[in-house]
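Asker: Let me begin by handing over the structure; questions about it come next.
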Amino acid sequence: MSDFDTIRETLVRISPIPDWSVNERAEEALVALSRVQAASEQTEKALADPERVARLFHESYERLAPQFAYRTRQASAVPFDDVPENNRNLMIAAAGEVCKELTVLRDKDTR
């Protein structure tokens, strides 16, 4: 049983208390926990998929560049799939190293 399931069972067990605000708070906590669990699952998937991280970084970088008065190279200011292959492969490799390091850091923190 996961930590999420244990917390959910505890909240469900206390939720029949007749005080409406307690029931409402328990429900809000369950929704929040569900969101946290979903975000955690998405993070785990992203850490296992360097191309997804590289794509996200590229799209964010290109979108944010004008806000910093920066103009990216014309060859790379295109959708990720249209970035020159060598550049795209480099971004995926760099994202792979970042994903590995984040996984190591996460595992250290959970010990």
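The values are calculated or read from the model by the stated rules, or taken from the named source; none is laboratory data. Computed from a predicted model, the values in this text were never measured in an experiment. Counting neighbours? That spans all protein chains shown, and the Cβs are built from the backbone with ideal geometry, glycine included.
Asker: If you scan the range 27-47, which residues turn out to be of a type in the set (D, E) and closer than 13 Å to T103 by Cβ?
Answerer: The one that is of a type in the set (D, E) and closer than 13 Å to T103 by Cβ: E44.
Asker: Filter the range 55-93 down to the residues that are out of contact with any helix residue (DSSP H, G or I) (no Cβ under 7 Å at 6 or more places or on another chain) and among the small types (G, A, S) and list them by number.
Answerer: Within the range 55-93, S60, A65, A69, A75, A93 qualify.
Asker: Starting from the range 42-70, keep only residues that are more than 20 Å from D82 (Cα to Cα), then list their pairs with residues that are at pLDDT below 95 whose Cβ atoms are within a distance under 7 Å, requiring at least 6 positions of separation or different chains.
Answerer: Once the first residue is more than 20 Å from D82 (Cα to Cα) and sits in the range 42-70, its partners that are at pLDDT below 95 give A46/R52; A46/V53; L47/C99; L47/L102; L47/T103.
Asker: Are there helices (runs of 4 or more DSSP H) fully within the range 1-92 with at least 1 residues that are in contact with a Lys or Arg (Cβ under 8 Å, 6 or more places away or on another chain), modelled with pLDDT of 75 or more and surrounded by 14 or more Cβ atoms within 10 Å (Cβ to Cβ)? List them.
Answerer: So the answer is 20-47, 50-64.
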